[in-house]
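Q: Pasting a structure below so you can have a look.
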Amino acid sequence: MNALRVATSSLSSRALTQSARPTASKVLRRSAAPAMRWYSESATEKPAAESSETSKSEEDASSGLEAELKAKAAEVVDITGRLRYLQADFLNLQRNAAREKEQTRDFAITRFAGDLLETVDVLSLALKSVPTELVNPPAADASALSSTTTSADKTPADHLRDLYNGVELTHRQLLQTLFKYHVKPFDPVGDKFDPNRHEALYQAPVPGKEPGTVIDCQKIGFTIKDRVLRAAQVGVAQETS
């Protein structure tokens, strides 16, 4: 009986040993096998998709910046054009205002100078009415006049000469005042008749004078800034038969 138990236990232990060996060998074989790595296609596709999205967003941002820059450039061009237009408009207003101011000033001067011309004519006629011999006395009379010291010793001719000198001085100062405002006299004797500058009072045949030549000036003419303020009243030579 005891011998049977021993034999049974030895058989069972052998069976267990034999059954355990293939299992261990299998484990060793599995552990000795090289490790295999598996790569998912979705893992490789994900970075590519992210990079494409990044590049697309960068392109969108750059295109947006370019569009914004173009809009700003167009805005600058528009503002610059409007500023130039406003500047030109302002300069035109300045020129127009200056021209209107000058025209108003010239109009006032023209009216005032036109009224003074009658006074100039009267003074000129007064000077012409004095005989030349009284204006320019002989040398003996001039020395006698210089030796006189009081007005009681002066003759009527001396008083007339003093009056003439006073009128001449007034006439000269009046012409100088008009000259400051660009009002200038002109005497056209000897010039060709110009209907824009001369007013013909009469015509007369004068030997040796070309027809149409101004031979006499009754009233001198005046200009203001190269414009005729008053035409000269003249006599004109005509053809001799």
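The values are calculated or read from the model by the stated rules, or taken from the named source; none is laboratory data. Note that the structure is a prediction, hence the values are computed from the model and not measured. Here the Cβ is made from the backbone with ideal geometry for all residues, glycine too, and neighbour counts use every protein chain on show.
Q: How many residues does the range 57-94 hold that are at pLDDT 85 or above and more than 25 Å from the chain's Cα centre (by Cα)?
A: 10
Q: Of Leu178, Leu229, Leu169, Leu174, which residue is in a helix (DSSP H, G or I), in contact (Cβ under 8 Å) with a residue 60 or more places away in the chain and not small (Gly, Ala, Ser)?
A: Within the list Leu178, Leu229, Leu169, Leu174, the selection yields Leu178.
Q: Could you please find all residues in the range 202-226 being within 23 Å of Ala113 (Cα to Cα) and assigned to a strand (DSSP E or B)?
A: Cys217, Gln218, Lys219, Gly221, Phe222, Thr223, Ile224
Q: Only one of these is among the polar types (S, T, N, Q), modelled with pLDDT of 70 or more and farther than 30 Å from Val183 by Cα: Thr44, Thr54. Name it.
A: Thr54
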